[in-house]
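The values are calculated or read from the model by the stated rules, or taken from the named source; none is laboratory data. On a predicted model such as this, the values are computed, not experimentally measured, just so you know. Positions of Cβ are generated from backbone atoms using ideal geometry, with glycine treated the same way; all protein chains shown enter the neighbour counts. The protein model used for the area step is the full one, side chains on, heavy atoms only, and it has no ligands, DNA or RNA in it. Shrake-Rupley method; radii C 1.70, N 1.55, O 1.52, S 1.80 Å.
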Amino acid sequence: MSQPPYSRLAAALILLAPALAGCGQGQPPGSGPPPPPTVTVAKPVERGIVDQDEYVGRFIAVDSVEVRARVSGYLDQIHFRDGQMVKQGDLLFTIDKRPFQNTVAQARGTLAQAKANLAFAEADLERAKQLVRDRTITEQTFDQRTQAQRSAAASVAANEAAVRQAELDLEFTELRAPVAGRIGDRRVSPGNLVTGGAAGATTMLANIVSLDPIRFEFTMDEASYLRYERFSSSGKEVTGRDGGVIVELKLLDEKTFEHRGYMDFVDNAIDKSSGTIRGRASFSNPNGVLTPGMFGRIRVPGSPTYNAMLLPDAAIGTEQIRKFVLVVGDDNTAVQKYVTLGPLSDDNLRIIKDGITAGDRVIVNGLMRVRPGQKVTPQEQGVAPAGPAAGPQAKS
């Protein structure tokens, strides 16, 4: 027999009663809003900073000399190994000396004959002076003896010059290093005829480049050149035409700027085709590793010294195109401050040019957990370097 409808409704209400009673209960006692997030804060590091500009360039030798024959003859000996270091004055090549020794001997013999003729002419002239006073000889004879003495003297001078030239040619048969440096390979083997002389197609025998010191040549754009000149003219420590500014350099396989040198030259004109101007720095090279033609990257001061704040990159947030940091106030509330960034420093900290002060407590860890205006639980720590990086030079 089926139950009446009111009986089924009553049974359903009895079953729902406990659930309806539970919906009316409040929150458990002791619960509340979540605590403020814990963040790490640190005060920025304040330093004197010099911005650095980087350029790519090549090494060039201070002295580069082509060793060429100055007299013609057969190459007799070679006194060096290809590629070795040579000192100034070292003997490199010897040309067969025998023809030049004969020429020197012949010139000296001719000079001796000319001196004998001069001695006879001078003695004859002395006798003529007394005879012309005694009217024994005529004035014409006296003039002839005077002319003979002068011709003999001129002949002696000419032959002395011929002897000097012959001795110089003999000296030129020994080719010595005009500068110290590294010599290349020999271009001519012994036994070959080499051509010398002041003009014409002289024979090149080898090439020498100096290595210590060595120069590094690079080009800078016109805007950078103007900036350097304006700072330099105001007496500030920036790369300028007067030179002497300390620069740093690294090679292609080096991670840091290990080599230190100084600026010694800026060109006198801007290249019309590229809009750049040539600069040059000098570096010591005692071990000879730096070689002409080698590439490198140079870092030159690009600004006067200025005070800046430094923070880790993790403390910097991005809002569209603007950069900001969150600063914790005295009431532990996060406040947003927009900043102007610079490059990385040598210890991999980000340079902050404007926007914060040395006393600000900046959130350096936990930035993503905080919104501006939110309360936080700060934990103080110092700013630690993140490791070496190629960036601006920091000055104490």
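Table for the structure above
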| quantity | calculated |
| --- | --- |
| Test set (1) within 30 Å of residue 363 (Cα to Cα); (2) modelled with pLDDT of 85 or more; (3) out of contact with any Pro (no Cβ under 9 Å at 6 or more places or on another chain) - residue 332 fails condition number | (3) |
| Residue pairs meeting the criteria (Cβ under 9 Å; at least 6 apart or on separate chains; first more than 14 Å from residue 149 (Cβ to Cβ), in the stretch 125-139; second among the small types (Gly, Ala, Ser)) | 137/128 |
| Strands (runs of 3 or more DSSP E) wholly inside the stretch 38-150 containing at least 3 residues that are out of contact with any strand residue (DSSP E or B) (no Cβ under 6 Å at 6 or more places or on another chain), open to solvent by 60 Å² or more (accessible area, probe 1.4 Å) and not acidic (Asp, Glu) | none |
| Among (1) open to solvent by 50 Å² or more (accessible area, probe 1.4 Å); (2) more than 30 Å from residue 296 (Cα to Cα); (3) out of contact with any Asp or Glu (no Cβ under 7 Å at 6 or more places or on another chain); (4) not small (Gly, Ala, Ser) - the single one residue 190 does not satisfy | (3) |
| Looking only at the stretch 340-363, and only at residues there that are in a strand (DSSP E or B) and open to solvent by 20 Å² or more (accessible area, probe 1.4 Å), the one that is farthest from residue 52 (Cα to Cα) | 361 |
| Test: residue in the stretch 254-263 that is part of a strand (DSSP E or B) and of a type in the set (S, T, N, Q) | no |
| Conditions (1) under 24 Å from residue 85 (Cβ atoms); (2) buried (at least 17 other Cβ atoms within 10 Å of the Cβ); (3) not hydrophobic (A, V, I, L, M, F, W, C): number failed by residue 287 | (2) |
| Test: residue 303 is crowded, with 17+ Cβ neighbours inside 10 Å, among the polar types (S, T, N, Q) and assigned to a strand (DSSP E or B) | no |
| Residues that are among the basic types (Lys, Arg), within 15 Å of residue 333 (Cα to Cα) and under 43 Å from the mean Cα position of the chain (by Cα), drawn from the stretch 343-383 | 361 |
| Criterion violated by residue 169 - all others in (1) in contact (Cβ under 8 Å) with a residue 60 or more places away in the chain; (2) of a type in the set (D, E, K, R); (3) open to solvent by 50 Å² or more (accessible area, probe 1.4 Å); (4) not in a loop (DSSP other than H, G, I, E, B) satisfied | (3) |
